[in-house]
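The values are calculated or read from the model by the stated rules, or taken from the named source; none is laboratory data. Because the structure is a prediction, the values reported are computed rather than measured. Glycine gets a Cβ as well: all are built from the backbone with ideal geometry, and neighbour counts include every protein chain shown. These accessible areas exclude ligands, DNA and RNA; they are computed on the full protein's heavy atoms, side chains included. Shrake-Rupley method; radii C 1.70, N 1.55, O 1.52, S 1.80 Å.
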Amino acid sequence: MPERVRITDVSPRDGLQNEPMREDGSPIPTADKAELVRALERTGVDEIEITSFVSPEWVPQLGDAAELCTMLAGTKPAGMTFSALVPNSKGLDHLLQANQDAGERLIDKASVFTAASETFSRKNTNADIAETLTRFKPVIARAHEEGLTTRGYISCVIACPFEGIILPEAVADVARRLLELGVDEIDLGDTIGAGVTETTAAMLAAVLDVVPADRLVLHLHDTFGRAAECVRAALDMGLRSFDGSVAGLGGCPYASTDANRAPGNLATESLVRIILDQGFTTGVDLESLAKAADIAAGITGRIKP
Ligand code: HMG
Ligand code: MG
């Protein structure tokens, strides 16, 4: 039997957070975001990162997280996980309130996020790495008390748009500190798509010294078309959980520089094909995934990769 690989689609969060506001200053309509999530529900992905409970001043495009959750109440298929980003206790309060308003545990997982680069951490969350970890401590404890699982993202695991190359040891150090806080899984973000086989393998080797493979997720942006080789390297090293974004939408607004807009995520359609080509299986239906990608492209007016 081929081994099964877990797929998380992050397009409603990572895909949409970097989308510009409409000409009249309004965000993408909440109903369109709900339509995208509903389409992803039909694909059989294991997890959908539906939104984030961050400051609307920082990410105006996702300021409608509460309304989106109300629209999605009662739609989550059995066995599927919904997750959302939370940067601090206030974010977790809002997530728990959204679940209460939905009348169910709509969101099963709270995902905190930090970085292996001090500069990126400050630009993204107004806090250095140590401060982000201090913020997470009560968030992770309370999420667990409320019956949620937790993910801890580490951004810039290969390179930072501001600091350049990031050493594998720096990534492993943050991973170890996140594990000490009790996160259930650690998601390694190549935020600007800088990785190739060798650098990804070196980073993973360092992290695997402190975190078992079954608690790791890889989150790739596909700037230079090298994400496929990084997925293959990670599969070879025992990783079995990956993030993608339908239609390749995505990018962190705080990873953009004056010269370069933050690049899109690895398209979930491509990710699933790479995994199947390597002899693994997923729970994803490719036809439904293509339909979800069409919806994502339609909502954002982008051309599919
Ligand atoms: P801050 O300005 O330092 O926050 O931002 P503060 O604690 O000083 O509070 C300022 C105001 O924000 C207060 O309101 C707070 O209540 C409010 P006021 O009293 O002035 O009216 N506030 C909030 N409101 C709603 N929800 C909250 C919240 N927290 C405070 N959760 C903060 C610090 C962390 C909040 C801010 O920097 C932030 O929201 N950053 C998020 C940036 C972001 O979402 N980036 C993209 C996601 S990460 C990513 O894309 C990478 C990833 O994909 C992996 C990869 O690719 O590498 C995950
Ligand atoms: Mg990302």
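Straightening the chain between LEU208 and ALA130 buys 25.9 nm, computed as 0.36 nm per residue apart minus the Cα-Cα spacing. Taking each residue as 0.36 nm, the span from GLU3 to GLU229 lengthens on full extension beyond its C-alpha to C-alpha distance by 79.5 nm. Could you please state, rounded to a whole Å, how far the C-alpha centre of the range 179-255 is from the C-alpha centre of the range 281-298? A separation of 21 Å, based on Cα centres. Of all DSSP bridge pairs formed entirely within the chain, close to 10 percent run antiparallel. Considering only PRO27, LEU95, THR300, the residue lying farthest towards the positive end of the dipole of the range 6-300 is LEU95, judged by Cα position with unit charges set on Cβ.
Here's the picture: charge each Lys and Arg Cβ at +1 and each Asp and Glu Cβ at -1 in the range 6-300, and of MET71, LEU181, PRO12 the one pushed furthest to the positive end of that dipole is LEU181. Calculated FRET efficiency, SER26 to THR281, Cβ-Cβ distance, R0 = 35 Å: about 0.25 to the nearest 0.05. Peptide packing for 239-250, 46-57 was compared via the average number of neighbouring C-beta atoms within 10 Å per residue; ordered from the highest value, the list is 239-250, 46-57.
When +1 charges are put on Lys and Arg Cβ atoms and -1 charges on Asp and Glu Cβ atoms, the dipole computed for the range 6-300 relative to its Cα centre reaches about 240 debye. Sites listed here are trypsin sites (Lys or Arg not before Pro) in the range 59-153 whose DSSP assignment is loop and whose Cβ has at most 15 other Cβ atoms within 10 Å: ARG105. Summarising the label geometry, the points placed 7 Å from Cα in the beta-carbon direction at ALA259 and THR149 lie 4.1 nm from one another. Projecting the Cα atoms of THR132, LEU40, PHE82 onto the charge dipole of the range 1-145 (Cβ charges, centred on the Cα centre) puts THR132 farthest toward the positive pole. Scanning the chain for long hydrophobic helices, with DSSP H runs required to stretch 27 angstrom or more by C-alpha along their axis and to average at least 1.6 on the Kyte-Doolittle scale, returns nothing. Note that the range 176-276 presents 35 Å² accessible area per residue, ligands and nucleic acids not counted, probe 1.4 Å. Computed extension gain for LYS90 through GLU169, at 0.36 nm per residue and net of the alpha carbon distance, reaches 25.3 nm.
Using the Karplus relation 6.51 cos²θ - 1.76 cosθ + 1.60 with θ = phi - 60°, the per-residue 3J(HN,Hα) values for the range 11-26 come to 4, x, 9, 5, x, 8, 4, 9, 6, x, 5, 5, 4, 7, x, 8 Hz, with x marking Gly and Pro.
For the options LEU286, LEU133, LEU188, a Gaussian network treatment of the chain with springs between C-alpha atoms closer than 10 Å singles out LEU286 as fluctuating the most.
Volume of the convex hull of the range 6-300 (Cα atoms only), normalised per residue: 114 Å³. The HN-Hα couplings worked out from phi for the range 186-195 by the Karplus form 6.51 cos²θ - 1.76 cosθ + 1.60 (θ = phi - 60°) are 10, 10, 8, x, 8, 4, 10, x, 8, x Hz, whole numbers, x standing for Gly and Pro.
Estimated from the Cβ-Cβ distance and a Förster radius of 30 angstrom, the FRET efficiency linking ARG105 and GLU67 is about 0.95. Is the range 155-288 best put as rounded, prolate or oblate by its Cα gyration tensor, with a ≥ b ≥ c the root eigenvalues, rounded for a/c under 1.5, and otherwise prolate when a/b is larger than b/c, oblate when not? Oblate, because a/c is 1.5 or more while a/b does not exceed b/c.
Nonpolar atom fraction for the chain, defined as the carbon and sulfur part of the 1.4 Å probe accessible area, stands at 50 percent. Checked against a 29 Å cut-off, the cross-linked pairs LYS123/LYS291; LYS137/LYS291; LYS33/LYS109; LYS90/LYS291 give Cα-Cα distances beyond that limit for LYS123/LYS291; LYS137/LYS291; LYS90/LYS291.
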